[in-house]
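Since every read-out is calculated from the coordinates, none of them should be taken as a lab result. What you see is a predicted model; the values in this text were computed from it and never measured.
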């Protein structure tokens, strides 16, 4: 069943029902502003898979973004329904039903999609033609993530040729995203990975241009590497997503002194269920309240306390001897290990400022797997 709203606008933070996904609106706003102000002359297309929330997407667009990215057709539908008019699905869409949905969405918004296979180009072209729409198509190249993507160079040029003449499709450029580089801990390793990716993207773009096909956009980049793509002279559109929230995994990246630091704005607010023993307490946020792929959550701003283990509905906190004690019904602020899949577990984001709830935003694309 859908989750009941955990709070009402105007409630004190102490009245939020737990566990709840809560957002520090001041920190969130500063993150929005920092990214918007740091990408002059570069198209910013934030990744909506991080927040799955049309309200946030529209705020990013108001701050200067050209649109948003998402990963799934159903995600795109949720953003279109929420008023977002320019969406790039940074994924290959191959099933006939999903392709038909994508074409239908193009009646209401500008819709882009990735391709790395000739048969998929033809299927997208056929669906777009039958629907009487045009889909933007980007050739995805593998620049190091070894996930999807055609090989850079000649194979990408041949695919671009096919897109350029396909009815119902408009060739927009290259998708060159190195996902694995985002969480390389060493800053020099991140810079080197993007430098290598940049060579592949630049050479491929030049080959496409030399073939008489205008490669208008090279899009990619993420929260861990965006400044390298920005400064490369190769990418002209950036796709960071997690920067609005941040998480424990991104906190593990070492930053150079001149790198932009984004604030932790997203938390899971948990309530203490039991505190019968001095050395530990149990909160109501366990395995079903977080994504654990990037490790355990961190306890925010509470020295001597750490999240030790989890079961389905329980999280066990361990306290050192000098830690402030916890009592039943106390609140604990927890930083998710990985923000994107944690957000996907909640129906609501509770925005607060100055100790009070200011807004409730629907996670409209929650569970959008199709």
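Things to note:
- Acute angle (nearest 10 degrees) that the helix 154-165 long axis makes with the longest principal axis of the chain, alpha-carbon atoms: 80 degrees
- Extent along principal axes [Cα atoms of the stretch 1-40; Å; largest to smallest]: 43, 25, 15
- Per residue, the convex hull spanned by the Cα atoms of the stretch 133-194 measures out at 82 cubic angstrom.
- Relative to the longest principal axis of the Cα atoms of the chain, helix 187-210 runs at roughly 20 degrees.
- What the Cα atoms of the stretch 25-148 give is an Rg and a Dmax of 15.2, 47 Å.
- From largest to smallest, the equivalent ellipsoid semi-axes obtained for the stretch 39-246 from the alpha-carbon gyration tensor read 25, 22, 14 Å.
- Per the Debye calculation on the chain with a single equal scatterer at every Cα and no solvent contribution, log₁₀ I(q)/I(0) for q = 0.07 Å⁻¹ amounts to -0.33.
- Value of [θ]222 nm, deg cm²/dmol, for the chain, DSSP H segments ≥ 4, -39500 (n - 2.57) each, nearest 500: -8500 deg cm²/dmol
- Cα-based helix-to-principal-axis angle, 96-105 vs the chain, degrees rounded to 10: 90 degrees
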